[in-house]
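Here the structure is laid out as structure tokens; the discussion comes afterwards.
The values are calculated or read from the model by the stated rules, or taken from the named source; none is laboratory data. Note that the structure is predicted; figures quoted are calculated from it, not measured. Reconstructed Cβ throughout: ideal geometry from the backbone, glycine too, with neighbour counts over all protein chains shown.
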Number of protein chains: 2
Amino acid sequence: MTHELEGLAALLSPRSIALVGATDRSIWSLAAYENLRRFGFEGRVHLVNPKGGVVHGREAATSCAAVGEEIDAALLMVPEARLIEAIADLKAAKVRGAVVLSSGFAELGAEGAARQRSVAEAARAAGVRLIGPNCLGLVNFTARAPIWTVALRRPLPNPTIAIVSQSGAVGGQLWNFAYQQRVGVTHLVSTGNEADIHVAEVIDYLAQQPEPRAIALFLETVRDPERFKAAVRAAHAAGKPVVVLKIGASEATARAAQAHTGSLVGNDRIFSALCRRLGVIRVRSVEELMVTADLASRLKGPFAGRGLALAAMSGGMCEIATDQAEEDDVLLPAPTPELAAALRGVLSDFATPANPLDVTGAAMLEPDLMRRALATLATDSRIGVTTFVFDIPAQDDQHGTVRRFLTSISQGFAEGGKASFVTSHALAAVSAEARALAEACGVLYSGGGLRHCLTALGRILSASPPREEGAAPRLAEETPRTERETLDYLGRMGAPVIPATLACTRAEAVGAARALDAPVVLKIASRDIQHKTEIGGVALNLIGDDAVGAAFDAILARARAAMPDARIDGVIVSPMRAGGVEMFVGTMRDPQWGAAIAVGLGGVWVEALKDTSTRLLPLTEDDALEMLQELRGAALLDGFRGAPPVDRMALARAIVAIGNAALALGPTLVSLEVNPLLASADRVEALDGLAVWDD
Amino acid sequence: MTHELEGLAALLSPRSIALVGATDRSIWSLAAYENLRRFGFEGRVHLVNPKGGVVHGREAATSCAAVGEEIDAALLMVPEARLIEAIADLKAAKVRGAVVLSSGFAELGAEGAARQRSVAEAARAAGVRLIGPNCLGLVNFTARAPIWTVALRRPLPNPTIAIVSQSGAVGGQLWNFAYQQRVGVTHLVSTGNEADIHVAEVIDYLAQQPEPRAIALFLETVRDPERFKAAVRAAHAAGKPVVVLKIGASEATARAAQAHTGSLVGNDRIFSALCRRLGVIRVRSVEELMVTADLASRLKGPFAGRGLALAAMSGGMCEIATDQAEEDDVLLPAPTPELAAALRGVLSDFATPANPLDVTGAAMLEPDLMRRALATLATDSRIGVTTFVFDIPAQDDQHGTVRRFLTSISQGFAEGGKASFVTSHALAAVSAEARALAEACGVLYSGGGLRHCLTALGRILSASPPREEGAAPRLAEETPRTERETLDYLGRMGAPVIPATLACTRAEAVGAARALDAPVVLKIASRDIQHKTEIGGVALNLIGDDAVGAAFDAILARARAAMPDARIDGVIVSPMRAGGVEMFVGTMRDPQWGAAIAVGLGGVWVEALKDTSTRLLPLTEDDALEMLQELRGAALLDGFRGAPPVDRMALARAIVAIGNAALALGPTLVSLEVNPLLASADRVEALDGLAVWDD
């Protein structure tokens, strides 16, 4: 435990807690006090009210200092105007950590943000670490230490998941849903406006705790990107997968988030790229977050294969599973002929060997069918996870039969030797008895239902391990501005660029064209002319000395007529290209996460179809190959309609080189765009390049 | 009630039920008997066992005939080999309807299908209508008449949804999930292999019943397309929305479904097109099916607007709602300045006027905030539905507070005057007390959670009313085969086609080109030459008599050299086109649903990007416009990068004409394809056409 994390430790493993502003008239105070009682918190609880008197049936102190005992953590339920005074009292009492419940700070705009800074500075000066303001508190369930202002139910046994949420209400709903599913929570931390302690610090702390086996996050924004990345890597290194629900997928959310927390919502696709790099699983709903975190916390890889073997007591459910698995990118390998024969040997007459496998209603009469079916399915070497679809009812009046089923399933899982779990058919509340029964039978049970469990499984199986960030290239100390300078720079940085010769005279143009021995393109070369085509500054598909010479003269004449003041360097002569696939490659800079790169189909298509793949820079060749594979139009690279396939490796190398070239231009480069990057079976070439600078 | 539906009426509203094959050793028999007892079925229940004796504690008859009383419905729990004998007994006893539980029929392949036909024929001869085989039975909850072989819980009050499922187990799971959500079910019918009664007939029957207010379907296949369409239309006409979960979205499902029920899984996209035409809402999971059917049954349109006003007691939840609404195509109109001012007047200081609207935790202390906020939000004329996000807890110990909140919400909804509902934050089981409390407060409550409710709402708000099928055009009695014949035919049918002249001599070709006064294209005209380009049968961009004449000679020479036996009609002369957007239009014929049409971006893109929109034929112009809008690449039609926008109306008219032209060619036409259909601001033209015949 670093010194820095001690304030958080005081809040999450307190020996004594003070409720400051405690009063019988406050629903927050009543709930917080009742939570401590219900949990059976073993430390000391102090009630503080400036007027003293009896609060919640106990004597209240008039200040923390007046308590006269050591206080680890304080819950400040005082109006915003009295916070500074309250913090002075914390200092006097040597309190180490405090939760600030109050709203009315940065979420209201600039004035509120200034007040928030004052509070944070006062706390820093007082040596008090702060959670909040504008939060609901934090809870350590395993230590039975709730500092939380809304009613909680008692902790569940064998908890595995820590919840960290910037929104207190959403954190409460995540816990609520987890409780319904009987998914045990180790910690629940709402960080609110993060005047002092950021979400990254909480993740860092949780990574060091033994209890959480996975971390579920709800994020509005990330205020400390470098620390966030380090904390997530630390969690992974400690074997704790991180699953995140982050708002910002819609344009409109950016506005809502500003209204709510004064946050800057970063570019959403870049955040997804970051998640991929960090091995973080990103989900889209409260339900998915908890179902995924639960499975990820209990279904530990590495998995023996990417495939899933799924069995159910219903053919219809198997069909639904097949559709949903395809949607979720979960592989369901069809049985080999040998496996099919083996399955026939263990199944009832009415069953058809398949995956998903319908064991049919015959299993109702003969539960051992489930064991045999599951053990046999798992012999397939492609299988990494085995699943049975089955509901454990809430009532224990049926648990005799259910126990027989679960025992048979458990034996089948054990004989199969693969990672395994039972899922309910649809999302179903799990009773305490059902969870206990599953544990007694040695079965991992999720009430997430087939749909959510398959979605979760798809994400878990395809989550890549965190990747190291590559070394950024050395700064190039150049500032290419024109198309020509940009392409020349790209060429020097190892990106393939179409050959080009600058011709200053008609004779030079003709000579350059002859040397190319092919149809050529002529383009005006001028730093002052952005839109070359519009002023007649481009001529295509020229063959022969006369055509080239005439085009040279015409281009210069048109350029001078259109823009008499433009500085003209001459005319560029390049070979004319035809065929191939036009790609788009562009870099951008995110204020939070740094440089990123997008790849898509080029020409007008990139904007019309929005078919791009995004990653943070720098890239590896594998990253670039993966990006190409992600494009909806990836089939165009495979030699569509008789054309030979594009050289994907060469294309990937070109993309990596463009990314590195952008990085080498440093942080004042806004964007480096190559469009088109023309790719074919035997050649990849940048035909046009554009560098945009922040100046 | 038509005479035909009387057999189904006997099964769904029976006055007397016989359990045939009843025995204490069968879990099915035990469950079926116990269900009748638990429901308090008011008619007569007869137990039939060939050995007589005491079954389930009662005297059993040795046959239905031996019962000596009128029997409306029989549940046949006898082995497949004894079914014919059992049906003879039903005939003797004048039983009108029977459920066949047994498996071992068409789902096992050809032999099983033959056995199934024998059973169906025996039943028809005996005047007995059959449900099944390979099903779990059917239940009329409002009549307390369960004929169902798995344990059911007692009916819920105020049911609204009928469930029809081809899979018995899936039907049971749908009911199970509905029960957890306290969504009342009126009927549950599993149709199994549909040897006699098809799902269409059940829908038809339910459309005529007063109780169901919506119908939820699980389909593997549709065996009687015309009747299905009529039944769904009848349900809509009776004000009962139809929501369907149909498998077959994946390639693999087609195989699984064959293994399971011997079904033919039709083309999935055509089924989606059918749903759109019929006004059927298609969903993707068990959860979505029941959440959507529940909302559709209780949230009746027409709606005052397409927009949703959403409020919650959490800014974080509002942000999540914003993201999810965008994904689900639900509009959340931002408040106008006037509305924002009005909201400021009714909200707490810490709240920001917005939609979604965070009423903040202040509403905990002052529930009337919710009323004021909801009533004010609903004044926006764009709003059709108003929603509050709030969980009604399962336990009634908090119901005093909760009742105050719900009453305030209910008043806000009523004052707002728009369709409205409360949704839980995440998917949550609903207790009987919670449902009763919501009803007592006059609030429509769904435990489906924000995610599922927004998805459902998006589908409900965008579901179009069922559309009439247009009249099919008169048969054309033509069989165009060559490109030329196809384009000429399209032209006669009102589709715009590029001008073309057949030239048989060089002089004719030159004359035709001169008449066009533009660059021209020459193409070989021969019914025997499919791949014109490959044999050098096409020449592009020809200008001037010499170029045209030379190309004419060269094309003929190359064609004769490449295919000496080909019948050559001459050479087609057409103007050369450049620019515009290449579209693809193609028709196909689905064995179940008839002729359909797909529209996409043309060229190689249609196959690489799979960006197409599909509809059944015939089309209206509005259909065609809607198809264009659905394309991911629709932006390309809006004048991308400075080009003027495509004339969408002219394009839509061309698509309608192509569809009608395909229909007029009758059922032996496999496909009529136009690729490209070139569209620009001032011209839409078919450049190439292909008709494929089934011969």
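Annotations for the structure displayed:
- Among the residues making up region A:555-574, those that are in contact with a helix residue (DSSP H, G or I) (Cβ under 7 Å, 6 or more places away or on another chain) and in a loop (DSSP other than H, G, I, E, B) are A:566, A:568.
- Within region A:375-431, the set of residues being away from chain B (no Cβ under 14 Å), buried (at least 20 other Cβ atoms within 10 Å of the Cβ) and assigned to a loop (DSSP other than H, G, I, E, B) comprises A:378, A:380, A:418.
- Lone unmet requirement of (1) closer than 22 Å to residue B:687 by Cβ; (2) surrounded by 16 or more Cβ atoms within 10 Å (Cβ to Cβ) for residue B:623: (1)
- Residue B:114, sole failed condition from (1) over 13 Å from residue B:134 (Cβ atoms); (2) in contact with a strand residue (DSSP E or B) (Cβ under 7 Å, 6 or more places away or on another chain); (3) aliphatic (A, V, I, L, M): (2)
- Some residue of region B:601-615 being surrounded by fewer than 20 Cβ atoms within 10 Å (Cβ to Cβ) and away from chain A (no Cβ under 14 Å): no
- The helices (runs of 4 or more DSSP H) found wholly in region A:177-283 and carrying at least 2 residues that are out of contact with any strand residue (DSSP E or B) (no Cβ under 6 Å at 6 or more places or on another chain) and at pLDDT 95 or above occupy A:199-207, A:225-237.
- Checking residue A:577 against (1) in contact (Cβ under 8 Å) with a residue 60 or more places away in the chain; (2) assigned to a strand (DSSP E or B), the condition it does not meet: (2)
- Selection within region B:290-305 - more than 21 Å from residue B:373 (Cβ to Cβ), in a loop (DSSP other than H, G, I, E, B) and touching a residue at least 12 places away in the same chain (Cβ under 8 Å): B:300, B:301
- Close pairs (9 angstrom Cβ cut-off, 6 or more residues apart or separate chains): closer than 30 Å to residue B:581 by Cα in region A:608-623, of a type in the set (S, T, N, Q) anywhere: A:613/A:629; A:614/A:267; A:614/A:272
- Residue within region B:472-492 that is farther than 30 Å from residue B:694 by Cβ and either part of a helix (DSSP H, G or I) or not polar (S, T, N, Q) (or both) present: no
- Applying a threshold of 6 Å to beta carbon distances and a minimum spacing of six or more residues, or different chains, the list of pairs starting in region A:205-224 at a residue that is within 14 Å of another protein chain (Cβ to nearest Cβ) and ending at one that is assigned to a helix (DSSP H, G or I) reads A:216/A:289; A:216/A:293; A:218/A:170; A:220/A:257; A:220/A:261.
- Pick from region B:352-374, criterion touching a helix residue (DSSP H, G or I) at 6+ places or on another chain (Cβ under 7 Å) and among the polar types (S, T, N, Q), ranking: surrounded by the most Cβ atoms within 10 Å (Cβ to Cβ): B:355
- Checking residue A:72 against (1) closer than 21 Å to residue A:151 by Cα; (2) surrounded by 18 or more Cβ atoms within 10 Å (Cβ to Cβ); (3) touching a Lys or Arg at 6+ places or on another chain (Cβ under 7 Å), the condition it does not meet: (1)
- Region A:307-338 - residue that is part of a loop (DSSP other than H, G, I, E, B), closer than 20 Å to residue A:446 by Cα and touching a strand residue (DSSP E or B) at 6+ places or on another chain (Cβ under 8 Å) and, of those, nearest to the other protein chains (Cβ to nearest Cβ): A:314
- Filter pass, residue B:114 being without any contact (Cβ under 8 Å) to a residue 24 or more places away in the chain, more than 28 Å from residue B:436 (Cα to Cα) and away from chain A (no Cβ under 14 Å): yes
- Per-region count, region A:118-131, residues over 17 Å from residue A:85 (Cβ atoms) and not hydrophobic (A, V, I, L, M, F, W, C): 1
- Tallying residues that are farther than 17 Å from residue A:422 by Cβ, in a loop (DSSP other than H, G, I, E, B), facing another protein chain (nearest Cβ under 9 Å) and of a type outside the set (Ser, Thr, Tyr) within region A:356-373 yields 1.
- Residue that is nearest to the other protein chains (Cβ to nearest Cβ), among those in region B:616-635 that are hydrophobic (A, V, I, L, M, F, W, C) and out of contact with any Leu (no Cβ under 7 Å at 6 or more places or on another chain): B:635
- Condition met for residue B:151 (at pLDDT below 95 and surrounded by fewer than 24 Cβ atoms within 10 Å (Cβ to Cβ)): yes
- Output for region A:549-574, where each listed residue is farther than 25 Å from residue A:518 by Cβ, touching a residue at least 40 places away in the same chain (Cβ under 8 Å) and not hydrophobic (A, V, I, L, M, F, W, C): A:567
- Checked against the criterion of being under 15 Å from residue A:273 (Cα atoms), modelled with pLDDT under 90 and not in a strand (DSSP E or B), region A:596-610 has no qualifying residue.
- Residue list for region B:1-36, filter: over 18 Å from residue B:172 (Cβ atoms), in contact with a His (Cβ under 9 Å, 6 or more places away or on another chain) and surrounded by fewer than 18 Cβ atoms within 10 Å (Cβ to Cβ): B:23, B:24
- Only residues that are within 14 Å of chain A (Cβ to nearest Cβ) and either without any contact (Cβ under 8 Å) to a residue 12 or more places away in the chain or at negative phi (or both) were counted in region B:117-174, giving 22.
- Residue match in region A:674-695 (condition: under 27 Å from the mean Cα position of the chain (by Cα) and among the hydrophobic types (A, V, I, L, M, F, W, C)): no
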